[in-house]
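All remarks here apply to the structure that follows.
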Ligand SMILES: C[S@@+](CC[C@H](N)C(=O)[O-])C[C@H]1O[C@@H](n2cnc3c(N)ncnc32)[C@H](O)[C@@H]1O
């Protein structure tokens, strides 16, 4: 890629990851809790309206200092485990009372994220999952249960219990296999620990194993990336998420624990991604949308080939549902016309949920324009291509992207815009050309991480 240096200088701008549209900083029209509940009831009143469930478990025993997620760091299991599970069950109980049709519609998938969901003991996890799943409709042949795990805190007992309950996907946090990088980010994870989790998951029959990797970490250079990809390929995970390190120290002060000079330059960071991507493609992986790869026989690759790929708050998925219900501190939910986020401060979330109050922190009611732009950004992010039915919009996007067209990152054929192979690495930046709210009002403060 000959011109890459110039392209980075030009396009390494702050841009959203577009796991939602409008992006969270542009939410300006919050539903009241009643409006949120009405939106759920309206959606579930339809005869067939399958849904998804996300449960956030924020606890981690130690702080990984690159982490941008909502976490509570503690080793005090007695203080947190039982009360938090009780609180989640209380929140679930409130939803069941307010949205009775929830129990009549099929739950298509459940995802446990964090934090470290296996911070909870197998018994507490079972209590939580059975407390919820015993009351819902599940089509066993089409159910997907997935969990994010950190190998250092995951036992065979956890995995056996999850398989018994019907979980079939596991996402293993790896990030980087090199000790020098692991020390810099305060996450020592021996390859043997990762190997043990992978082999237990395979032995127990998890149908899909995902690895999370990050490029752009402190201390990470070409040598480290070669080793990380070599080791990853030895395990042959079905899916790989290769995330760009999101640097957001104004939200996550622990990211100030590493110095700017320890980070790869934007050009070197991009080279790490290009190297990893080349190796994964050579090894037979398929590139899925932005920063995801999967083996050709994995459901994500199949969904992409069949034009069914979807993207939501958790990233790419083949499971599109009208409703994503999020339980737990900071969780985000979505219905066709509303977003809703729970309180982000643990004590506030617990206090409200325990009183039987839906712990609303903020949200957004999507207007017609939001729904239109949301569909367009989703199309571009899942298909790398979009057709504009409106000539005027095609022309205005085209003129906005003139420099990217000249740099061969985007091309137009009539009203169809396509992203070139080289342009795929600039997907977030290209999506900003459709983002009407961002175009109308650029953020006044630092809001998004850099796109590359
Ligand atoms: C919610 S985290 C939890 C994973 C699990 N607790 C673990 O530690 O392995 C899910 C994934 O988000 C990614 N992630 C977290 N912080 C990030 C950041 N600042 N930039 C890019 N990816 C990040 C990591 O790859 C991580 O595995």
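Just so you know, all these numbers are worked out from the coordinates, no wet-lab data involved. Bear in mind that the values here come from a model prediction, so they are computed numbers and not experimental data. Note that we place each Cβ from the backbone using ideal geometry, even for glycine, and neighbour counts take in every protein chain shown.
Brief remarks on what is shown
- Projecting label points 7 angstrom from Cα along Cα→Cβ for residue 190 and residue 442 puts them 5.1 nm apart.
- Theoretical FRET efficiency, 1/(1+(r/R0)^6), r = Cβ-Cβ of residue 305 and residue 267, R0 25 Å, to 0.05: 0.15
- Ellipticity estimate at 222 nm from DSSP helix runs (n ≥ 4, -39,500 (n - 2.57)) divided over the chain, nearest 500: -11500 deg cm²/dmol
- Simple spin-label estimate for residue 389 and residue 156 gives 5.7 nm between the two label positions (7 Å along the Cα-to-Cβ direction from each Cα).
- Mean separation of Cα contacts under 8 Å, 6 or more apart, over the residue count of the chain: relative contact order %: 21
- Global form of segment 271-319, assessed from the alpha-carbon gyration tensor, a/c cut-off 1.5: oblate
- Shape of segment 219-336, Cα gyration tensor, a/c cut at 1.5: oblate
- Gain in span if fully extended, residue 415 to residue 222, counting 0.36 nm per residue against the direct Cα distance: 65.4 nm
- Förster-model FRET efficiency, 35 Å R0, residue 422 and residue 73, C-beta, rounded to 0.05: 0.30
- Sequence of 291, 260 once ranked by neighbouring C-beta atoms within 10 Å, starting from the fewest: 260, 291
- Each of residue 90 and residue 247 was given a label point 7 Å from its Cα along the Cα-to-Cβ line. The distance between the two points is 4.2 nm.
- Segment residue 48-residue 230, length gained on full extension (0.36 nm per residue, minus Cα span): 61.0 nm
- The share of C-alpha pairs in segment 36-129 whose separation exceeds 24 Å stands at 33 percent.
- As an equivalent ellipsoid, the chain spans semi-axes of 33, 28, 21 angstrom, where each value is the square root of five times an eigenvalue of the C-alpha gyration tensor, largest first.
- Note on residue 354 and residue 180: with the Förster distance fixed at 41 Å, the Cβ-Cβ geometry gives a FRET efficiency of about 0.40.
- The gain in end-to-end length when the residue 6 to residue 202 segment is fully stretched comes to 66.1 nm, 0.36 nm per residue minus the alpha carbon separation.
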